[in-house]
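Participant: This is the structure I want to talk about, given as structure tokens.
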Amino acid sequence: MFLRALTVCLALLPSLTSASSLSSTEYAYPIANPFIATIAGTPSAAAITLPAEHQIKQSDHALRLKKRGELPGVFYQSHQLKYRLAEQDGAAPLMFIIAGTGAHYASGTPELLKKIFYQGGFHVVQLSSPTSWDFMAAASRSATPGFSPDDADDLYRVMQAVLANHPSLQSSSINLTGYSLGGLQAAFVGALDKQRRALNFKRILMLNPPVNLYTSVRNLDRLVQTKVPGISNQQTFIDDLMQRLTRFFERQGRIEVNEAMLAEFQTSDEALSNEQLAMLIGSAFRLSVADIVYTSDLLNQRGLITPKDYPLGFNSDLAPFLKRSLLCDFDCYITQQLIPWWRKKHNGGSLLQMMNQVSLYALEPYLKDNPQIGVMHNADDLILGPGDLGWLRRTMGAQMTLYPRGGHCGNFAYPTNAHNMLEFFHD
Amino acid sequence: MTKPFACLSLSLCLSATLPTLAHANPEADSDGFTHPLSQLQFNPFMDQQAFERAGFEVLDVYDPWTGPNRRIYQFNQRADEWIIMPVVRGYRYVTPDLAQQGISNFFSNVGDIGNLLNSAFQLKGQRSMEITARLLINTTLGAFGLWDPASKMGAPKHHEDFGQTLGHYGVGAGPYVVLPFLGPSNLRDAGGTVVDFASEQGVDFLNVATASSANPAISVLRAVDLRSGLPFEYGQTNSPFEYEKVRFLYNAARKIQIAD
């Protein structure tokens, strides 16, 4: 009898500890190439149907967290932090969405997630990333994003202010999700909430978060180092891209940009190689980094990009400062701005020490066997390194769902994903 | 502003959808990780600065009047946020979708006169024929352009303006200009806009030009329809360098349009 009970227990054990991961036969997300998935998301033919704009009762609001005089003149309207609230009629659970690196609250992915959760019956609040220009200016106390505990602290304060701003909003529970860097920050916010108990999150879901922040940053920085044939001192990859588009439109006989055109482009002779797609993803990341580098330097008057006390006005030519910012990748931002600030403010030490404090490793005790927090990730996510998924699986166990495809955040609109997201928050 | 922006959305739309590429599922390791970056070829040297060089090229736009341009850009942003977009939202709210589509089609049909003229100026035979067919079909079967049956009958919309005609014959872009209310342009295209406006007044197709000067509400409706169809909002890039990014995208879009 005892032996039988033991065998049953042993047989159950793997299913209790192991994360759910789907095989590619049962998961038919149509894009196998992780770079295309990252750029293009889910093709509309394979995506879930979502409510149209006019079916959502939503509006943008602003929080005044800083005084106008605290910011230089060029930030003429950014002393207020804008956010978007979509309301259900009557009482409903509330969802906060934290955007990814550099992303605005109204950009594509937060909008997509909003529609999924709104359709699932949630009130939804969309917040800009702490690394985005508007958040840095209006809400960040250090204006030096990247140190996750402090970013979470800023976010926590913003979330409290949002709730205070809508006293008549009836929320039956408060929940949190974030994608990419926003996923990592969501976990830090959750850990903070454990101590402060001001919001009492019911559940928290991380979508494609970095595990080791430094690995993710290095991966993204590296994407612009790919070998693309035809690039020389005279010809940049943008020239090459423009020539491809020109030739393509010439052959089409007309210019039109839509999903079908992009599909056709990628099957034509002018199709981009993986290296070129990686270059595009990396460039988008580096442009966000340039914004961070410039804004953090300016707000803290560090004098690395914009000279101290430089008289910036609406009519100032910013091109020289953008040029300097473009030369600094995220690694450079860490070395030149984040680490010096961290050493001063938090008495910090080495890079390795910092990365342990800002990555998911720092939250291991909080994440371990915590049914409140879950993670969804993709086997082909560009921001991961070897061992990251193993660490997540060991730490989060059954709270982890792994999809075989989707690149970085490319599969949110795929029905299985959207369904699982809602299911996670469902009682 | 419409035409460049229609194409401008191209770059913003890179986040739209691309198709499946035949692609073998790479082997997953024991964690289930497929090492996507291992498929890529990287430069053998540490840093070829491909991104930095492209970035510098993006900034390489002739903009000698940058100070006034930036002030007008700021003015346009405020006008758009405080006046134009609230009006557009009100218009979208009170007007049924079908009526919005009809209004849009109507002005688009009127605009085909300019497209035809410029297409003819550039001696593009096939394109001119298509636009002529559009005008004939849409003005008759489409009830003065309220419907667009021509697109379904294989005569798709083309955009040609006088700025493109000038560019076609090798006229350079000249200095970058931000026009009040109309947005990004350059000396050549701003001149082209004036010519296009004058020729529309001259042709007076369907008496729209005459009616508009008698009744300014028609011009307002046209402007609102134009703005309503533009997928751009100020602050959308959420970047301190929006001016520079829009400037680059405008120029890139115009280069592609002129080459086409």
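The values are calculated or read from the model by the stated rules, or taken from the named source; none is laboratory data. A quick note: this is a predicted structure, and the numbers were derived from the prediction, not measured. Cβ sites come from the backbone with ideal geometry, for glycine too, and all protein chains shown count toward neighbours. Accessible surface areas use protein heavy atoms only, side chains included; no ligands, DNA or RNA. Shrake-Rupley method; radii C 1.70, N 1.55, O 1.52, S 1.80 Å.
Participant: Just to confirm a number: summing +1 for Lys and Arg and -1 for Asp and Glu over residues other than B:ILE84 whose beta-carbon lies under 14 angstrom from that of B:ILE84, what do you get?
Facilitator: Spelling it out: positives minus negatives among the neighbours equals +1.
Participant: Given a 1.4 angstrom probe, I'd like the percentage of the accessible area of the protein assembly as shown that is carbon and sulfur, rounded to a whole number. Walk me through the numbers on the way to the answer.
Facilitator: Numbers: 17220 of 29350 Å².
The C+S portion of the solvent-accessible surface of the protein assembly as shown is 59 percent.
Participant: Another one. Please give the solvent-accessible surface of B:GLU244 in Å², to the nearest 10, using a probe radius of 1.4 Å with every protein chain present.
Facilitator: 0
Participant: Under 8 Å for C-alpha pairs, at least 6 residues apart: give me the relative contact order for chain B, rounded to a whole percent. Don't jump to the answer; show the numbers that get you there.
Facilitator: Details: 237 pairs, mean separation 75.4, N = 260.
Rounded, it is 29 percent for chain B.
Participant: Give me the net charge of A:GLY178's neighbourhood, meaning all other residues with Cβ under 14 Å from the Cβ of A:GLY178; Lys, Arg count +1, Asp, Glu -1.
Facilitator: Values: positive: A:LYS114, A:ARG203; negative: A:ASP151, A:ASP154, A:ASP193.
So the environment of A:GLY178 carries a net charge of -1.
Participant: Could you please tell me the mean projected area of the C-alpha convex hull for the protein assembly as shown, averaged over all directions and given in square nanometres to one decimal? Please list the in-between numbers first.
Facilitator: Values: hull surface 133.6 nm².
Average of the hull's projected areas for the protein assembly as shown equals 33.4 nm².
Participant: Ignoring ligands, DNA and RNA, what accessible area per residue does the range A:240-339 give at 1.4 Å, in Å²?
Facilitator: Values: 3870 Å² over 100 residues.
With the other protein chains kept in place, the range A:240-339 gives 39 Å² per residue.
Participant: Using a Förster radius of 35 Å, what is the FRET efficiency between A:HIS54 and B:MET129 based on their Cβ-Cβ separation? Nearest 0.05, please.
Facilitator: Numbers: r = 39 Å, r/R0 = 1.12.
That pair, A:HIS54 with B:MET129, gives E of 0.35.
Participant: Next question. Grab every C-alpha pair in the range A:99-147, bin the distances at 5 angstrom width from 0 up to the longest one, and report whole percents.
Facilitator: So the P(r) values, bin by bin, are 5, 24, 25, 18, 13, 10, 4, 1.
Participant: Can I ask one more? What are the extents of the Cα atoms of the range B:103-196 along their three principal axes, listed from largest to smallest and rounded to whole Å?
Facilitator: 43, 30, 18
Participant: Would you calculate the separation in nanometres between label points at B:PHE121 and A:GLN234, each defined as 7 Å from the Cα along the Cα-to-beta-carbon direction?
Facilitator: Spacing of the two 7 Å Cα→Cβ label points: 3.3 nm.
Participant: Which one, B:ALA143, A:ALA91, B:ILE113, projects farthest toward the positive side of the charge dipole computed for the protein assembly as shown from Cβ point charges (K/R +1, D/E -1)?
Facilitator: Farthest towards the positive pole: A:ALA91.
Participant: Net charge near B:ASN186, counting Lys/Arg +1 and Asp/Glu -1 over other residues with Cβ under 13 Å of its Cβ?
Facilitator: Details: positive: B:ARG188, B:ARG247, B:ARG254, B:LYS255; negative: B:ASP63, B:ASP161, B:ASP189.
Its environment carries a net charge of +1.
Participant: Name the residues whose placed amide hydrogens come within less than 5 Å of the amide hydrogen of A:LYS227, ignoring near sequence neighbours (fewer than 5 apart) on the same chain.
Facilitator: The answer is B:GLN41, B:PHE42, B:ASN43.
Participant: Counting only other chains, what is the mean number of Cβ atoms within 10 angstrom of the Cβ of each residue in peptide B:227-238?
Facilitator: Working: counts 0, 0, 0, 0, 1, 0, 1, 0, 7, 3, 5, 16.
Going residue by residue through B:227-238 and averaging, the value is 3.
Participant: What percentage of all Cα-Cα pairs in the range A:240-339 are separated by more than 19 Å? Write down the numbers at each step before the final one.
Facilitator: Values: 2810 of 4950 pairs.
That tail contains 57 percent of the Cα-Cα pairs.
Participant: So which residues in the range B:46-82 end up with at least 30 square angstrom less accessible surface once the other protein chains are there, compared with the chain by itself, probe 1.4 angstrom?
Facilitator: The answer is B:ALA50, B:PHE51, B:GLU52, B:ARG53, B:ALA54, B:PHE56, B:GLU57, B:LEU59, B:ARG70, B:ARG71, B:GLN74, B:ARG78 - residues whose exposure falls by at least 30 Å² when every protein chain is included.
Participant: What average count of beta carbons from other chains do you get within 10 Å of the Cβ of residues in A:290-297? The partial results should precede the final answer.
Facilitator: Details: counts 5, 6, 0, 0, 3, 2, 0, 0.
Average neighbour count from other chains, rounded to a whole number: 2.
Participant: Please give the calculated 222 nm ellipticity per residue for chain A, where each DSSP H segment of at least 4 residues contributes -39500 (n - 2.57) and the sum is spread over every residue; nearest 500 deg cm²/dmol?
Facilitator: Details: 17 runs with 188 residues, N = 427.
The helix-only estimate for chain A comes to -13500 deg cm²/dmol at 222 nm.
Participant: Working out 0.36 nm times the residue gap between A:ASN315 and A:ARG254, then minus their Cα-Cα distance, what length gain in nm do you get to one decimal? If you can, show how the numbers build up before the last one.
Facilitator: On the way: separation 61, 0.36 × 61 = 21.96 nm, distance 3.74 nm.
Extra length available between A:ASN315 and A:ARG254 comes to 18.2 nm.
Participant: With every protein chain kept in the model, how would you rank B:GLU52, B:GLU27, B:GLU81 by accessible area, 1.4 Å probe, largest at the top?
Facilitator: Values: B:GLU52 15, B:GLU27 155, B:GLU81 55 Å².
If we order B:GLU52, B:GLU27, B:GLU81 from most to least accessible, we get B:GLU27, B:GLU81, B:GLU52.
Participant: Continuing with this model, one more query. Tell me the Kirkwood hydrodynamic radius of the range A:153-301 in angstroms, computed as one over the mean inverse distance between distinct C-alpha pairs.
Facilitator: Numbers: mean 1/r = 0.0515 Å⁻¹.
About 19.4 Å for the range A:153-301.
Participant: If each DSSP helix of 4+ residues adds -39,500 (n - 2.57) and the sum is divided by the residues in chain B, what number results at 222 nm, nearest 500 deg cm²/dmol? Can you show the working numbers first?
Facilitator: Numbers: 12 runs with 151 residues, N = 260.
Roughly -18500 deg cm²/dmol at 222 nm, from the helical runs in chain B.
Participant: Partner chain Cβ atoms within 10 Å, averaged over the residues of A:253-265 - can you pull that number for me? Kindly include the intermediate steps, with their values, before the conclusion.
Facilitator: On the way: counts 6, 7, 12, 7, 12, 5, 5, 3, 4, 8, 5, 2, 2.
What the average comes to for A:253-265 is 6.
Participant: Which percent, to the nearest 5, of DSSP beta bridges fully inside chain A are antiparallel? Please report the intermediate quantities before stating the final value.
Facilitator: On the way: 10 of 36 bridges.
Of all bridge pairs located within chain A, approximately 30 percent are antiparallel.
Participant: Related question: Mean separation of Cα pairs under 8 Å and 6+ residues apart, divided by the residue count of the range A:290-362: what relative contact order is that in percent? Walk me through the numbers before you get to the answer.
Facilitator: Details: 39 pairs, mean separation 19.5, N = 73.
Value for the range A:290-362: 27 percent.
Participant: Using θ = phi - 60° and the Karplus form 6.51 cos²θ - 1.76 cosθ + 1.60, what ³J(HN,Hα) does each residue of the range B:81-95 get, whole Hz, x for Gly and Pro?
Facilitator: 6, 8, 10, 5, 5, x, 5, 4, 5, x, 4, 5, 6, 8, 9
Participant: Under a 10 Å cutoff between Cα atoms, tell me which one of A:ALA362, A:ALA290, A:ALA278 has the largest fluctuation in the Gaussian network model of chain A.
Facilitator: The residue with the greatest mean-square fluctuation here is A:ALA362.
Participant: Another question, if that's okay. With label points built 7 Å along Cα→Cβ from the Cα atoms of A:ARG218 and A:ALA271, find their separation and express it in nm.
Facilitator: Result: 3.2 nm between the two label points.
Participant: Any chance you could check the range A:312-344 for residues losing 30 Å² or more of accessible area when the partner protein chains are in, compared with the chain on its own (1.4 Å probe)?
Facilitator: In the range A:312-344, residues shielded by partner chains: A:PHE314, A:ASN315, A:ASP317, A:LEU318, A:ALA319, A:LEU322, A:LYS323, A:LEU326, A:LEU327.
Participant: Indicate the gyration tensor shape class of the range B:71-259 (rounded, prolate or oblate), computed on the Cα atoms with a ≥ b ≥ c the square roots of the eigenvalues: a/c under 1.5 is rounded; otherwise a/b larger than b/c is prolate and the rest oblate. Can you show the working numbers first?
Facilitator: On the way: a/c = 1.74, a/b = 1.15, b/c = 1.51.
Oblate, because a/c is 1.5 or more while a/b does not exceed b/c.
Participant: Label-point separation (nm) for A:LYS308 and B:ALA190, each offset 7 Å from Cα along Cα-to-Cβ?
Facilitator: If labels sit at A:LYS308 and B:ALA190, their model points lie 4.0 nm apart.
Participant: Which residues of the range A:190-224 end up with at least 50 Å² less accessible area in the presence of all protein chains than when their chain stands alone, using a 1.4 Å probe?
Facilitator: Hits at the 50 Å² cut-off: A:ARG222.
Participant: Quote the total accessible area buried by chains B and A together, excluding ligands, DNA and RNA, probe 1.4 Å, nearest 100 Å². Don't skip to the answer; put the middle values down first.
Facilitator: Working: alone 16180 and 20140 Å², together 29350 Å².
Chain pair B/A: roughly 7000 Å² of buried accessible area.
Participant: Moving to a separate point now. For the range B:242-257, in order, what is each residue's ³J(HN,Hα) by Karplus, 6.51 cos²θ - 1.76 cosθ + 1.60 with θ = phi - 60°, in whole Hz (x at glycine and Pro)?
Facilitator: Karplus-based 3J(HN,Hα) across the range B:242-257 equals 4, 3, 5, 5, 5, 4, 5, 4, 4, 5, 5, 4, 5, 4, 5, 5 Hz.
Participant: Under the definition of Cα pairs under 8 Å and six or more residues apart, what whole-number percent is the relative contact order of chain A?
Facilitator: Numbers: 706 pairs, mean separation 106.4, N = 427.
Contact order relative to length: 25 percent.
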